[in-house]
1. Relative to the longest principal axis of the C-alpha atoms of the chain, give the angle of the C-alpha long axis of helix 109-120, reported between 0 and 90° and rounded to the nearest 10°.
2. Between MET109 and GLN143, what length comes free when the chain is fully extended (0.36 nm per residue of separation minus the Cα-Cα distance, one decimal in nm)?
3. Return the whole-Å distance between the Cα centroid of segment 23-96 and the Cα centroid of segment 148-209.
4. Would you mind putting 50-63, 138-151, 17-30, 77-90 in packing order, based on average other-beta-carbon counts within 10 Å, highest first?
5. Got a sec? Charge dipole of segment 2-206, +1 on Cβ for Lys and Arg, -1 for Asp and Glu; which of THR98, ALA68, ALA190 is way out at the positive end?
6. What distance in nm lies between label points placed 7 Å from Cα along the C-beta direction at GLU188 and ARG117?
7. Express the carbon and sulfur contribution to the solvent-accessible surface of the chain as a percent, rounded to the nearest whole number, probe 1.4 angstrom.
8. What is the angle, in °, between the Cα long axis of helix 41-51 and the longest principal axis of the Cα atoms in the chain? Nearest 10 is fine, range 0 to 90.
Amino acid sequence: MFISFEGIDGSGKSTQLVLLRDWLEERGHKTITVREPGATALSESIREILLSNRQSITPSAELLLFSAARVQLVEHIIAPALTEGRIVLCDRYVDSTTAYQGFGRQLTMADVAACNRLATQGVMPTVTLFIDVPYDQAQLRMQFHPAAGEPDRMERSGRAFFERVRTGYLDIAAQEPERCHVVDGLRERAEIHHDILNIVVPALVRCGLEKP
Ligand code: ADP
Ligand code: TYD
C-alpha cells in the first residue's frame with residue numbers, strides 16, 4: 001500500500017505523515033518513509049540543485065530534474081518496498097509535479113503528464129492526502145518551524161504561484177476523488193490526524209491489511 005502526502009510548503013503534511021507512521025507502526029504494520037525529491041543518493045543530490053538559490057533553473061529543466069529524482073526513487077526504493085508488502089509513506093509524489101510545475105509554473109499539461117508517466121513507471125499511490133491550508137497560514141507556520149531558515153528557491157516563488165499550486169491540488173482531487181482526499185489543515189494536529197485515519201483505515205481494510 002502506498003500513501004502520499006501533498007500540500008503547499010508549510011501546510012503541515014510532514015507532521016501528519018509522522019503521526020500516521022507512528023500509528024501504523026504501533027499497530028504492527030511495516031512502513032517505509034521517503035521524501036520527494038530525495039531518499040536515494042542521486043535524488044538527494046538533485047534536491048540540492050533544485051532547492052539551492054545559487055543558480056536559476058528554467059521551468060522545463062525543473063520539471064525534468066524533479067522527474068529524474070522521482071524515477072530513481074521509484075525504481076530503487078518505492079517499487080521494491082511495495083513488492084515486499086511494506087506500507088510506503090511518501091512526503092510528496094507525482095501530484096506535486098502536476099500542482100507545482102503544471103499549475104504553478106504553467107508548463108503544458110501534456111508535457112507534465114508525459115514526464116509523470118515516465119517518472120512513476122505507473123506506480124501510483126493507493127491514497128493521497130492533500131492537506132489544504134491557505135498561503136498566509138502556511139507562511140506563518142513555516143516562520144515558526146524550529147528549522148526555519150532562509151526560504152529556498154521554490155519557497156521564493158511568491159503568493160500568486162502558491163495560490164495556483166493550491167488550485168491545482170484541488171483540481172486533481174476533484175478529478176480523482178477515489179484516490180485524492182482533501183483534508184482541512186486549518187485545525188489542531190490531533191483533529192487532522194483523526195480525519196486522516198477515517199480515510200486511511202477503510203483503505204487498509206480494502207487492501208486486506210486491517211480487519212473490517
Ligand atoms: P510541511 O511538511 O507541509 O512543510 P510541517 O509539517 O513541517 O509542514 O509543518 C510546518 C510547521 O507548522 C511546523 O513548525 C509544524 O510544527 C507546524 N504545524 C504542523 N501542523 C500544524 C497545525 N495543525 N497547526 C499549527 N501548526 C502546525
Ligand atoms: P521541501 O523542503 O521538501 O518542501 P516541504 O517541506 O514543503 O515538503 O521542498 C520540496 C520543494 O519542491 C517544495 O517547494 C515543493 C517542490 N516540488 C515541486 O515543485 N515539484 C515536485 O515534483 C516535488 C516533489 C516537489
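1. Between helix and principal axis, roughly 50 degrees.
2. Working: separation 34, 0.36 × 34 = 12.24 nm, distance 3.24 nm.
Once the chain is fully extended between MET109 and GLN143, it gains 9.0 nm.
3. When both Cα centres are located, 17 Å separates them.
4. Working: 50-63: 13.2, 138-151: 11.4, 17-30: 14.8, 77-90: 17.3.
Taking the mean over residues of other Cβ atoms within 10 Å, the ranking is 77-90, 17-30, 50-63, 138-151.
5. With unit charges placed on the Cβ atoms, the residue in question is ALA68.
6. Spacing of the two 7 Å Cα→Cβ label points: 4.7 nm.
7. Numbers: 5590 of 10470 Å².
Using a 1.4 Å probe with all protein chains present, the chain comes out at 53 percent carbon and sulfur.
8. For helix 41-51, the angle is close to 50 degrees.
The values are calculated or read from the model by the stated rules, or taken from the named source; none is laboratory data. If you're wondering where the values come from, they're calculated on a predicted model, not measured in any experiment. Every residue, glycine among them, receives a Cβ derived from its backbone with ideal geometry; neighbour counts consider all protein chains shown. For accessibility, only protein heavy atoms count, side chains too; no ligands or nucleic acids. Shrake-Rupley method; radii C 1.70, N 1.55, O 1.52, S 1.80 Å.
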